[in-house]
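Below is one structure, written out as structure tokens; the observations come after it.
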Amino acid sequence: VFEPGTRYEYSNPAYNGLALIVEQVSKMKWQDFVKKNILDVAGMKTSTITDGPHPETGVAHAYLKRGDKWIEKDYGEEPTFAASGNGGVWSSIEELALYERSLRSAAFLNDTAIQSSRNIRSWKSWMDNTPPFIGWSWFIGKTPDGLKTVGHTGSQGGFLCNYVTVPEKEILFVILCNTPRDVDGYTRFITNWLIKNKWLDEVKP
């Protein structure tokens, strides 16, 4: 336990609490709020958000390997899989690109709020040895050649993902896995490929 603004620790329950606040203010169920104000606005027609079993069709299951067998590890096996605020979202690389496009065009919030969310928050009372590296839920980093990155990684059950943007070059890449994989390694590989092929040197049409 520590005072707010002095350290950082990722907390899924904090996102659950945020969902409850949204429900109180909007007078809408969290899942309905996200669908109306984000998925529908972005044109994410095949994406959905649930608080129960996943859709019967059109989605992948997640798996973990136990010995020589693969076991399903998503809704039903993972207690918090569809928890409001930090779970239950189903999407694809194509539709996450629509989400990013909507963020860049300020379709959800005004541009000031979006830019604020994608910059590191500084705290006068900060006491951790590691400098702040997070905005409003976005992780802020740099490519090996010094360009700013904004993204979010996560896992739930057997699913793993990473969502990475390089704002200055208008680049987005997304990694979605339904079995354990070296997501950090994939991220480094893609970043190095972008550098090698000079995508980070100039804006591609």
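Just so you know, all these numbers are worked out from the coordinates, no wet-lab data involved. Everything numeric here is computed off the predicted structure, so don't read it as measured data. Here the Cβ is made from the backbone with ideal geometry for all residues, glycine too, and neighbour counts use every protein chain on show.
Taken one residue at a time, the phi angles of the range 47-59 give Karplus couplings (6.51, -1.76, 1.60, θ = phi - 60°) of 7, 8, 9, 10, 10, x, x, 6, x, 6, 9, x, 10 Hz. Gly and Pro are set to x.
Ordering of 171-179, 187-195 by packing is 171-179, 187-195, highest average first (other Cβ atoms within 10 Å, averaged per residue). Here the Karplus curve 6.51 cos²θ - 1.76 cosθ + 1.60, taken at θ = phi - 60°, turns the phi angles of the range 135-145 into couplings of x, 8, 5, 8, 8, 10, x, 9, 6, x, 9 Hz, with x standing for Gly and Pro. For the range 1-73, chymotrypsin sites (Phe, Trp or Tyr not before Pro) are listed when DSSP marks them as loop and at most 15 other Cβ atoms sit within 10 Å of their Cβ; the list is 2, 10. For a straight C-alpha distance cut-off of 20 angstrom, the aspartates and glutamates reachable from residue 27 (same-chain residues fewer than eight places away being disregarded) are 40, 51. For the cross-link pairs 35/169; 35/198; 148/198; 65/142; 36/73; 45/69, the ones whose C-alpha atoms lie over 26 Å apart are 35/169; 35/198; 65/142; 36/73; 45/69.
Between 168, 100, 56, the GNM of the chain built on Cα springs shorter than 10 angstrom shows 56 fluctuating the most. Using Cα positions and a limit of under 18 Å, work out the aspartates and glutamates in reach of residue 124, with same-chain residues fewer than 8 apart set aside. The qualifying aspartates and glutamates are 3, 9. Any idea what % of Cα-Cα pairs in the range 4-120 are farther than 24 Å? Cα-Cα pairs of the range 4-120 separated by over 24 Å account for 38 percent. Loop-located trypsin sites (Lys or Arg not before Pro) in the range 16-118 (DSSP state other than H, G, I, E, B) with a sparse environment of at most 12 neighbouring Cβ atoms within 10 Å: 27, 45.
With a Förster radius of 22 Å applied to the C-beta separation of residue 25 and residue 3, the computed FRET efficiency comes to 0.30. Rounded is the label for the chain, because the ratio a/c of its alpha-carbon gyration tensor axes (a ≥ b ≥ c) stays below 1.5. Highest mobility in the GNM of the chain, judged by mean-square fluctuation with C-alpha springs under 10 Å and restricted to 24, 156, 115, is found for 24. Largest GNM mean-square fluctuation across 155, 84, 26, computed for the chain with C-alpha springs under 10 Å, falls on 26.
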